[in-house]
Amino acid sequence: MNVKRFLGALAVAGTLAAASIGTAAPAFAAPHITFTMTPSDTTELPGQLDPHAIRVAVSAKSDCIGLCSMAGLSFTVKDPDGNTVASGSAPSNNSNFISASTTWDTQPTAKKNGNYTFAATAAQGGVLGLGLTTSPNPETQQATIKVNNPPVAPAGVQTALDPSGVPVVSWSANPEPDIKGYQVYRSDGALTSGLVAGTSFHDASAPTGQALSYKVAALRFSPDPSGLISSPTSAQTAAVTAPAPAASAGPQNVGTAGAANGGAAAGPVKQPVTLNTAKPAPIVAPTLPTRVVQLPQPNVIQFAPLLPYSGKVPEVPVNSNAPPPVAAQADQGKSTVVVMPGGANKVTPVDAIKYVAAAAFLIVAAVHVTRLARKLRNASV
């Protein structure tokens, strides 16, 4: 301690001698002040702090130990426009250390975001016990504080349908002085409006026939590289449903609701059309229905055509060995087969046709033979 006092006395003596002979003081006697500033340079506010109670503090310390005092300390915080938003000071003291602080309300809804200038000034006092000033010129320190307050959520958000049935979202303007716009979000998650400069938004892309609600967020200037900072979203609005467009043509069903039914008159209701993709049934060629009449003699078949029956039974020649025909009855829509008497094998319609054709051939042959016999007999006479 005695050595330090001795060296300090030598410095003071040198300073006095220099002043008396008009020469400069020794370099080791030059004053120097170290500043400590809170918030520090490039700090971004508010972060996790309360934006209405930011502590701003400055301390200054001289390297003149034990012999020098501090003449005073002051500081200011200025917004991007140069207006002072916070300040503080401390009076002189008999120490080489001095400090001052204050509480700063950043006023998030009233002040701009951006780079704020934080500046401190301090001066060293005289030599203790001698009344001499060793640092007549004050020293300064400066820092930049980034204020990045988010905007508040938009208020008064509501949704309605315009005359054409398009949802319209509206809200009140935010109070912040550096609002850049708003963003609208739809409840189905399929819409982000982009930056809306005004205080309303027409959702022309809203799907029809679906209940939709909306939320809105505000965006303001930010000193960060992104340039914007968003607010929390507003509360969800009441849901609205965009009506389906009216049909321009085609048959329509008219609703039955009316004053008589206890409701408002209903508008036209579109009738949905369903296309049947089923393949058409194949066309079946018609078949000739027949009814087979069982004859008393074996292997003799007579067919009665299923045509409108006149009520008359065809005549049979006297010299024919075929029994009188049986009148055909109206067919019931079913084809039958011939069952021969005595449990013989069944005769199909094809076989029956063959038999008829053979009988016809025999009859024609008999007619020709008869004519030939007559010609021969006449020729011999």
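Couple of notes before you dig in:
- The DSSP beta bridges internal to region 173-242 are antiparallel in roughly 95% of cases.
- Seen from Arg186, the other residues with C-beta closer than 13 Å to its C-beta sum to a net charge of -1, counting Lys and Arg as +1 and Asp and Glu as -1.
- Measuring r between the beta carbons of Asn94 and Asp224 and using R0 = 30 Å, the FRET efficiency lands at 0.10.
- Between Ala359 and Ala379, the C-beta separation translates, for a Förster distance of 45 Å, into a calculated FRET efficiency of about 0.90.
- Length-normalised contact order of region 52-165 in % [C-alpha pairs under 8 Å, at least 6 apart]: 27
- Anisotropy class of region 135-195 from Cα gyration tensor, a/c 1.5 cut: prolate
- Highest average first, the peptides 71-77, 366-372 ordered by how many other beta carbon atoms sit within 10 Å of their residues are 71-77, 366-372.
- When each of Lys61/Lys111; Lys78/Lys215; Lys111/Lys215; Lys354/Lys375 is checked by Cα-Cα distance, pairs over 28 Å: Lys61/Lys111; Lys78/Lys215; Lys354/Lys375
- If R0 is taken as 30 Å, the Cβ-Cβ distance between Ser87 and Ala173 corresponds to a FRET efficiency of 0.40.
Read-outs: derived from the displayed coordinates by stated rules, not from any lab. None of the values given here were measured: they were computed from a predicted structure. Please note: Cβ atoms are built from the backbone with ideal geometry, for glycine as well, and neighbour counts cover all protein chains shown.
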